[in-house]
Amino acid sequence: MTTQESSSVIVNKVEKSRISEVDFDNLTFGNIFSDHMFECDYKDGKWQEPTVKPYGLLTISPGAKVFHYGQAVFEGMKAYKDDAGDVFLFRPEKNFERINKSSKRLAIPEFPKDYFFDALHKLLQLDKDWVQPGLGNSLYLRPFAMATQVGVSASPANEYKFMILMSPVQAYYTKDVKVVIAQEYSRSADGGVGAAKAAGNYGAQFYPTNLAKEQGYDQIIWTDSNEHKYLEEAGTMNVFFRINDTLITAPTSDRILDGVTRDSVLALAKRDGITVDVRKLTVDELVAAAKDGSLKEIFGSGTAAVISPVCSFNYNNVDYALTKPEDSYSTKFKKELMDIQYNKSEDPFGWRVKIK
Ligand SMILES: Cc1ncc(COP(=O)(O)O)c(C=O)c1O
């Protein structure tokens, strides 16, 4: 059934939901999708009919530019359900701004704000049962844009597809992670695309991350590509260090993704009276702090894992173990963030957006 409601997004509903086939207690992150998806094509210089439709396969020419030049960007955000059954997004404005920033860097036309938000609300109204209740459960939302114009010539496309998929997920990491500090490979470079969620950034991380995994590590802490001297990100997360009681994280730059969770942790830390130092931290300082005992914690921050504590890091083939302190910042921020996301606490920053 197709309906054109008051706003511009057209809704084409599934005839029968697939939800009864899903085992919500045994989900693998991101490989099952909800009943509906959003699709909007760009051609003739403008975004065409925005449509919510049944999740399904695409037919795309193998000559589409996305397959040859990786002209694609994406976002990662989540919808959460509270005990009363209401569904919330967390700071979706930030994801909207960031996907358009990423698109601009990849020469993809920016997407209209009203289509984006109308699509999110319609999708979540239709598929609200896919947002499972319970702390840690959520519906992961994957907006993305890709070049669909056919042509194996290395130039920006004039046709694109913008889509949103939704995937039910449980908590991401179950254990604290072991990381290794990058000394050879880099995820981004000055003037590059590190600050964009460009698809190719992630594909390029797989090989060095596989090497790290073969050696028993879960993630790589990325360093600057010039000297491998400054600590920048952890896997696909921003990274925080607690030295004594000061919380340190790298300033955002064109090499570092401006994470929504990072920004939220910084706001919570300031509110909680924790000393925050947004500055470049060197590997040498980190090793010295690990040796003299002033390094208390390392943790990653990101939408998927929320907060991911690090239990050891390796540098120059030496492992440095960390013991979580009783007054752990990572535990505190994870709880504070999740309490806001799941509507268990006040929302002093106005971060929650309720789906009506
Ligand atoms: C490279 C990178 N850094 C950091 C983050 C964390 O960003 P956010 O907190 O917005 O999820 C992500 C995930 O989106 C990422 O891909």
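The values are calculated or read from the model by the stated rules, or taken from the named source; none is laboratory data. Only a predicted model underlies this, so the values are computations on that prediction, with no experimental measurement involved. For neighbour counting, all protein chains shown are included, and Cβ atoms are generated from backbone atoms with ideal geometry for every residue, glycine included. Surface accessibility is based on the protein's heavy atoms, side chains included, excluding ligands, DNA and RNA. Shrake-Rupley method; radii C 1.70, N 1.55, O 1.52, S 1.80 Å.
Counting only residues at least eight positions apart within a chain, or on another chain, the aspartates and glutamates with an alpha carbon under 16 Å from that of residue 291 are 319. The 1.4 Å probe gives accessible areas that order 68, 228, largest first, as 68, 228.
Which value, in debye to the nearest 20, gives the size of the charge dipole of the chain about its Cα centre, when Lys and Arg are +1 and Asp and Glu are -1 at the Cβ?
With only Lys, Arg, Asp and Glu charged at Cβ, the dipole is about 380 debye.
Using a 1.4 Å probe, what is the accessible area per residue for the chain, in Å²? Write out the running numbers ahead of the final one.
Values: 16090 Å² over 356 residues.
Per-residue accessible area for the chain comes out at 45 Å².
Residues 193, 287, ordered by accessible area of protein heavy atoms at a 1.4 angstrom probe radius and largest first, appear as 193, 287.
Taking the square root of 5 times each eigenvalue of the Cα gyration tensor, what semi-axes in Å does the equivalent ellipsoid of region 30-107 have, largest first? Please report the intermediate quantities before stating the final value.
Numbers: eigenvalues 144, 63, 34 Å².
Taking √(5λ) for each eigenvalue gives 27, 18, 13 Å, largest first.
Against the chain, whose longest principal axis is taken from its Cα atoms, helix 113-126 shows a tilt of about 80°.
Using just the Cα positions, wrap region 126-269 in a convex hull and report its mean projected area in square nanometres, one decimal place.
On the way: hull surface 49.6 nm².
Mean orientational projected area (region 126-269, Cα hull): 12.4 nm².
For region 223-356, the residue among 333, 251, 240 whose Cα projects farthest onto the positive side of the dipole built from Cβ charges is 333.
Farthest toward the dipole's positive end in the chain, which of 140, 150, 269, given Cβ charges of +1 (Lys, Arg) and -1 (Asp, Glu) about the Cα centre? So the residue we want is 150. For region 37-97, the fraction of 1.4 Å probe accessible surface lying on carbon and sulfur atoms is 49 percent. Surface composition of region 236-356: carbon and sulfur atoms hold 47% of the protein heavy-atom accessible area at a 1.4 Å probe.
Anything over 27 Å Cα to Cα? Flag those among 122/197; 78/280; 161/197; 81/324; 78/175, in the order listed. Present the calculation step by step, with values, prior to reporting the outcome.
Numbers: 122/197 24 Å; 78/280 30 Å; 161/197 16 Å; 81/324 30 Å; 78/175 21 Å.
Listed pairs above 27 Å: 78/280; 81/324.
Residues considered: 346, 297, 97. Largest GNM mean-square fluctuation over the chain, using C-alpha springs under 10 Å, is found at 346.
With n ≥ 4 as the cut-off for DSSP H runs, can you work out [θ] at 222 nm for the chain, using -39500 (n - 2.57) per run divided by the number of residues, rounded to the nearest 500?
-7500 deg cm²/dmol
Per residue, the convex hull spanned by the alpha carbons of the chain comes to 146 Å³.
Accessible surface of residue 83, taken over heavy atoms with a 1.4 Å probe and every protein chain present, rounds to 130 Å². The separation of region 301-356 from region 234-286, counted between C-alpha centres, amounts to 12 Å. Have a look at 342, 185, 140 and tell me which one the Gaussian network model of the chain (Cα, springs below 10 Å) gives the largest fluctuation. Per the Cα network of the chain with a 10 Å cutoff, 185 tops the list.
State, as an integer percentage, the relative contact order of region 1-152 based on alpha-carbon contacts under 8 Å between residues 6 or more apart. In percent, rounded to a whole number, it is 29. Between the helical axis of 199-214 and the longest alpha-carbon principal axis of the chain there is an angle of about 40 degrees. With a Förster radius of 51 Å applied to the beta-carbon distance between residue 154 and residue 84, the computed FRET efficiency rounds to 0.45.
Just reorder 213, 296 by solvent-accessible area, largest first, 1.4 Å probe, all chains present. It would help to have the intermediate numbers written out before the result.
On the way: 213 110, 296 65 Å².
Ranking 213, 296 by accessible area, largest first, yields 213, 296.
Principal-axis analysis of the Cα atoms of the chain puts helix 329-341 at an angle of about 20° to the longest axis. If you sort the three axes of the alpha carbon gyration tensor as a ≥ b ≥ c, you get a/c of 1.5 or more for region 56-209 and a/b no higher than b/c, which makes it oblate. If you run the Gaussian network model on the chain, springs between alpha carbon atoms under 10 Å, then out of 119, 64, 182 the most flexible one is 64. Scoring 124-131, 288-295, 271-278, 70-77 by mean Cβ neighbours within 10 Å over their residues and listing the highest first yields 70-77, 124-131, 288-295, 271-278.
Distance between the 7 Å Cα→Cβ label points at residue 263 and residue 104: 1.3 nm. Other residues whose C-beta falls under 14 angstrom from the C-beta of residue 171 contribute a net charge of +2, scoring Lys and Arg +1 and Asp and Glu -1.
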